[in-house]
1. I need the full set of residues from the stretch 57-68 which are within 16 Å of Gly17 (Cα to Cα) and either touching a Lys or Arg at 6+ places or on another chain (Cβ under 8 Å) or in a helix (DSSP H, G or I) (or both), in order please.
2. Assigned to a helix (DSSP H, G or I), among the hydrophobic types (A, V, I, L, M, F, W, C) and out of contact with any Ser or Thr (no Cβ under 8 Å at 6 or more places or on another chain): does that describe Val82?
3. What are the residues in the stretch 1-35 that are of a type in the set (Val, Ile, Thr) and in contact with a Leu (Cβ under 9 Å, 6 or more places away or on another chain), if any?
4. Which pairs turn up if I take residues in the stretch 35-47 that are more than 16 Å from Lys9 (Cβ to Cβ) and look for partners that are among the β-branched types (Val, Ile, Thr) and at pLDDT 95 or above with beta carbon separation below 9 Å, at least 6 apart in sequence or on another chain?
5. Given the structure, is Val92 in a loop (DSSP other than H, G, I, E, B) and among the aliphatic types (A, V, I, L, M)?
Amino acid sequence: MMDLKSKIKKTLREYYGEFESNLEIEYEDTVTNKLINGSLTDKDRWATYNQLMIELKHNLKNNEKVKELQYKLTDDSNPTEVCIELISELSVKNDELERLYYKMKNF
């Protein structure tokens, strides 16, 4: 189990970058635990939520929304609703955000 946890964290860092703040570390732990302990459906969903995080961070460079999403995904909110709402509120959208939006609408 620990080996899998290390591999997931390493992969997350390769795409996200370093998790430095307490909020980022809490998000990393949340995603890692969901990917290890979730059902196949949950794992797919959390991988999709993380894709949204990567898109916001690296392509849109919207750090405010990254932090907002991290906060909401680490509390007890419905992650699908949170992600869909966040994408809906964005003034700038691209093809990847549209793809993720419709993918999550079909969860």
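The values are calculated or read from the model by the stated rules, or taken from the named source; none is laboratory data. Note that the structure is predicted; figures quoted are calculated from it, not measured. When we count neighbours, we look across all protein chains shown, and the Cβ atoms used for this are built from the backbone with ideal geometry, even at glycine.
1. First, the residues of the stretch 57-68 that are within 16 Å of Gly17 (Cα to Cα): 57-63, 66-67.
If the condition is that a residue be within 16 Å of Gly17 (Cα to Cα) and either touching a Lys or Arg at 6+ places or on another chain (Cβ under 8 Å) or in a helix (DSSP H, G or I) (or both), then Lys57, His58, Asn59, Asn63, Val66, Lys67 are the ones that fit.
2. Values: assigned to a helix (DSSP H, G or I): yes; among the hydrophobic types (A, V, I, L, M, F, W, C): yes; out of contact with any Ser or Thr (no Cβ under 8 Å at 6 or more places or on another chain): yes.
Here the answer is yes, as Val82 does meet what is asked.
3. Step one: of the stretch 1-35, the residues of a type in the set (Val, Ile, Thr) are 8, 11, 25, 30-32.
Ile8, Thr30, Val31, Thr32 - these are the residues of the stretch 1-35 that are of a type in the set (Val, Ile, Thr) and in contact with a Leu (Cβ under 9 Å, 6 or more places away or on another chain).
4. Arg45/Thr80
5. Working: in a loop (DSSP other than H, G, I, E, B): yes; among the aliphatic types (A, V, I, L, M): yes.
Against the criterion (in a loop (DSSP other than H, G, I, E, B) and among the aliphatic types (A, V, I, L, M)), Val92 qualifies.
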